[in-house]
Amino acid sequence: MPISKKARVQREHKKADAAGTRVPVKANGLPVKAPKATSICANCRKEIVSSNKTQLQVHAETHDQKRAADGEALA
């Protein structure tokens with residue numbers, strides 16, 4: 001009787017684990033992408049992707065608007 005697909009995959013994973021070359025994969029067999037580097041906002045502690053410059057600028061502008069509104073309310 002031929003080896004089942006599940007058993008074959010398990011055998012491949014076991015060999016790759018032993019060799020230290022196993023790559024995490026999704027259920028459909030595609031490799032999982034590495035998480036992107038993030039930075040944490042000092043004001044609101046929100047995680048933002050560091051490589052996305054437009055997202056960083058837009059987020060910084062929201063804090064600028066809040067500061068301006070707070071300043072007007074205090075004055």
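Values in this text are rule-based calculations from the coordinates and carry no lab data. If you're wondering where the values come from, they're calculated on a predicted model, not measured in any experiment. So basically every Cβ, Gly included, is an ideal-geometry build from the backbone, and we count neighbours across all protein chains shown.
Each residue in the stretch 25-56 was checked for being among the polar types (S, T, N, Q), exposed (fewer than 10 other Cβ atoms within 10 Å of the Cβ) and more than 30 Å from Lys6 (Cβ to Cβ), and 1 of them qualify.
For the stretch 1-24, filtered to residues that are in contact with a helix residue (DSSP H, G or I) (Cβ under 9 Å, 6 or more places away or on another chain) and among the hydrophobic types (A, V, I, L, M, F, W, C), the residue that is surrounded by the most Cβ atoms within 10 Å (Cβ to Cβ) is Ile3.
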